[in-house]
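The values are calculated or read from the model by the stated rules, or taken from the named source; none is laboratory data. Bear in mind the structure is a predicted one, so any value in this text is a computation, not a measurement. Quick reminder, even Gly has a Cβ in these numbers, built from the backbone with ideal geometry, and neighbours come from all protein chains shown. For the accessible areas, the whole protein counts, side chains as well, though only heavy atoms, and no ligand, DNA or RNA atoms are used. Shrake-Rupley method; radii C 1.70, N 1.55, O 1.52, S 1.80 Å.
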Amino acid sequence: MHSRYECMLAETAIAGRSSNGVLQVRRFLCPNTGCDRRTFVEQIDGLTTAYTRTTPLLREILEKIALALAELVDVCRLR
């Protein structure tokens, strides 16, 4: 293990209020000298993915909203 750091994850609203979680993750050094990445961060299955700051549930909700808005725009264009 190389180090640890905290990351903030946006989560779905609870009782109408925004919700965030603070997660402490570990950073590891790659032992392979031929590896392009010197360090990498652990990912927690079902909770984190690389380069994201939202939980899978919130991401799914935002994707559904985006698709619904895109469909609405298409319907308005057809009128």
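Scanning region 63-79 for residues that are in a helix (DSSP H, G or I) and open to solvent by 90 Å² or more (accessible area, probe 1.4 Å) yields Glu63, Lys64, Leu67, Leu69, Glu71, Leu72, Arg77, Leu78. The residues of region 28-62 that are assigned to a helix (DSSP H, G or I) and out of contact with any Asp or Glu (no Cβ under 7 Å at 6 or more places or on another chain), listed by number, are Pro56, Leu57, Arg59, Glu60, Ile61, Leu62. Taken over region 12-25, the residue count meeting the criterion of being open to solvent by 90 Å² or more (accessible area, probe 1.4 Å) and under 16 Å from His2 (Cα atoms) is 1. Among the residues of region 1-45, what is the count of those that are of a type in the set (Val, Ile, Thr), closer than 16 Å to Leu57 by Cβ and without any contact (Cβ under 8 Å) to a residue 24 or more places away in the chain? Adding up the residues that qualify gives 2. In region 56-79, the residues that are under 30 Å from Met8 (Cα atoms) form Cβ pairs under 6 Å with partners that are surrounded by 12 or more Cβ atoms within 10 Å (Cβ to Cβ), at six or more places apart or across chains, as follows: Leu57/Thr12; Leu58/Ala10; Leu58/Glu11; Leu58/Thr12.
Given the conditions (1) within 12 Å of the chain's Cα centre (by Cα); (2) open to solvent by 50 Å² or more (accessible area, probe 1.4 Å), and given that Glu6 satisfies all but one, which numbered condition is not satisfied? Unmet condition: (1). Whether a residue is among the polar types (S, T, N, Q) and without any contact (Cβ under 8 Å) to a residue 24 or more places away in the chain was assessed, and Thr49 passes this test. Out of the residues in region 28-58 meeting the condition of being under 27 Å from Gly16 (Cα atoms), in contact with a strand residue (DSSP E or B) (Cβ under 8 Å, 6 or more places away or on another chain) and of a type in the set (S, T, N, Q), tell me which one is surrounded by the fewest Cβ atoms within 10 Å (Cβ to Cβ). So the residue we want is Thr54.
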